[in-house]
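Remarks on the structure that follows.
The values are calculated or read from the model by the stated rules, or taken from the named source; none is laboratory data. Being a predicted model, the structure only gives us computed values, none of them experimental. Cβ placement follows ideal geometry from the backbone for every residue including glycine, while neighbour counts extend to all protein chains displayed. Side chains are part of the model used for accessible areas, which takes the heavy atoms of the whole protein and leaves out ligands, DNA and RNA. Shrake-Rupley method; radii C 1.70, N 1.55, O 1.52, S 1.80 Å.
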Amino acid sequence: MNRPTPISAFAFPSITYIQHSVAGYYSDRADEKYQSGDFVHSVELRKRSLKLDPANANSHFELARAYQQLGADGEALKEYQMAIDINPELYDAHTAAAGIDLAKRKDYRSALQRIAQALRQGPRGVRIQASLYTESARANVGLGQWDQARRNLKHAIQLR
């Protein structure tokens, strides 16, 4: 699988300070709604934020999380992918998307591809490496690849 080309900043129009501020306001309100369990309004506010600041990978990631809470896994996967396209080093988006592939779709090969894509970039944090190897082991189990699953879990445990 080829490494995806990150979306260039030039693919999005530059935003003004006021747009950035208003987008931040909507993001903050979306976070509040998410924390209170109001995922419907969190999605609405996050979309408003992204209309003003479409190149914000973290906002795409947070929108995906809210969609996931609502059970809209297809929409969540699209937003996780958008976050990854904008910032390939947003490893939590790789892990979350792989989690949907594993738990909801039972698409173990797709999960492994997502995880491999993230690992090829050489994530440095122990937490994220351990998460990626753990998710990889879950996918290996789903495919009946027991030896590989054991190796990945052993590697994750050693990291922790």
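Would you confirm whether any residue within segment 131-143 is out of contact with any Cys (no Cβ under 9 Å at 6 or more places or on another chain), without any contact (Cβ under 8 Å) to a residue 24 or more places away in the chain and under 26 Å from GLU75 (Cα atoms)?
Going through segment 131-143, the residues out of contact with any Cys (no Cβ under 9 Å at 6 or more places or on another chain) turn out to be 131-143.
Among the residues that remain, those that are also without any contact (Cβ under 8 Å) to a residue 24 or more places away in the chain are: 134, 137, 141.
From what is left, the residues that are under 26 Å from GLU75 (Cα atoms) are 134, 137.
Taking every residue of segment 131-143 in turn, at least one turns out to be out of contact with any Cys (no Cβ under 9 Å at 6 or more places or on another chain), without any contact (Cβ under 8 Å) to a residue 24 or more places away in the chain and under 26 Å from GLU75 (Cα atoms).
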*Output the qualifying pairs, or none if there are none: Cβ atoms under 6 angstrom, residues six or more apart or on different chains, first residue in segment 95-117 and open to solvent by less than 20 Å² (accessible area, probe 1.4 Å), second residue modelled with pLDDT of 95 or more and among the acidic types (Asp, Glu).*
ALA98/GLU135; ILE100/ASP73; ASP101/ASP107; ALA111/ASP101; ILE115/GLU135
*Select from segment 138-160 the residues that are within 19 Å of TYR108 (Cα to Cα) and surrounded by fewer than 12 Cβ atoms within 10 Å (Cβ to Cβ) and list them in ascending order.*
GLY144, TRP146, ASP147
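Considering only residues that are part of a helix (DSSP H, G or I) and aliphatic (A, V, I, L, M), look in segment 81-94 and name the one that is most open to solvent (accessible area, probe 1.4 Å). Even if it seems obvious, please write down each step before you answer.
Of all residues in segment 81-94, those part of a helix (DSSP H, G or I) come to 81-86, 91-94.
With the extra rule that they be aliphatic (A, V, I, L, M), the set shrinks to 82-84, 86, 93.
Working: MET82: 65, ALA83: 0, ILE84: 4, ILE86: 31, ALA93: 0 Å².
Looking at the filtered set, the residue picked out is MET82.
From the list GLY71, GLY99, GLY142, pick out the single residue that is more than 17 Å from the chain's Cα centre (by Cα), among the small types (Gly, Ala, Ser) and modelled with pLDDT of 95 or more. Spell out how you get there, then give the answer.
On the way: GLY71 fails: more than 17 Å from the chain's Cα centre (by Cα); GLY99 fails: more than 17 Å from the chain's Cα centre (by Cα).
After applying the criteria, what remains is GLY142.
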*Subset of segment 121-137 [part of a helix (DSSP H, G or I) and surrounded by fewer than 21 Cβ atoms within 10 Å (Cβ to Cβ)]*: VAL126, ARG127, ILE128, GLN129, ALA130, THR134
*Answer yes or no: is there a residue in segment 60-79 that is surrounded by 21 or more Cβ atoms within 10 Å (Cβ to Cβ) and touching a His at 6+ places or on another chain (Cβ under 6 Å).*
yes
*Answer with yes or no whether ILE115 is in contact with a Phe, Trp or Tyr (Cβ under 6 Å, 6 or more places away or on another chain) and in a helix (DSSP H, G or I).*
no
_Filtered residues of segment 24-59 (kept if open to solvent by less than 60 Å² (accessible area, probe 1.4 Å), out of contact with any Ser or Thr (no Cβ under 8 Å at 6 or more places or on another chain) and assigned to a helix (DSSP H, G or I))_ = PHE39, SER42, VAL43, LEU52, ALA57
_Pair list, Cβ under 8 Å, 6 or more apart: segment 39-58 residue under 24 Å from GLU89 (Cα atoms), other residue part of a helix (DSSP H, G or I) and charged (D, E, K, R)_ = ARG46/GLU62
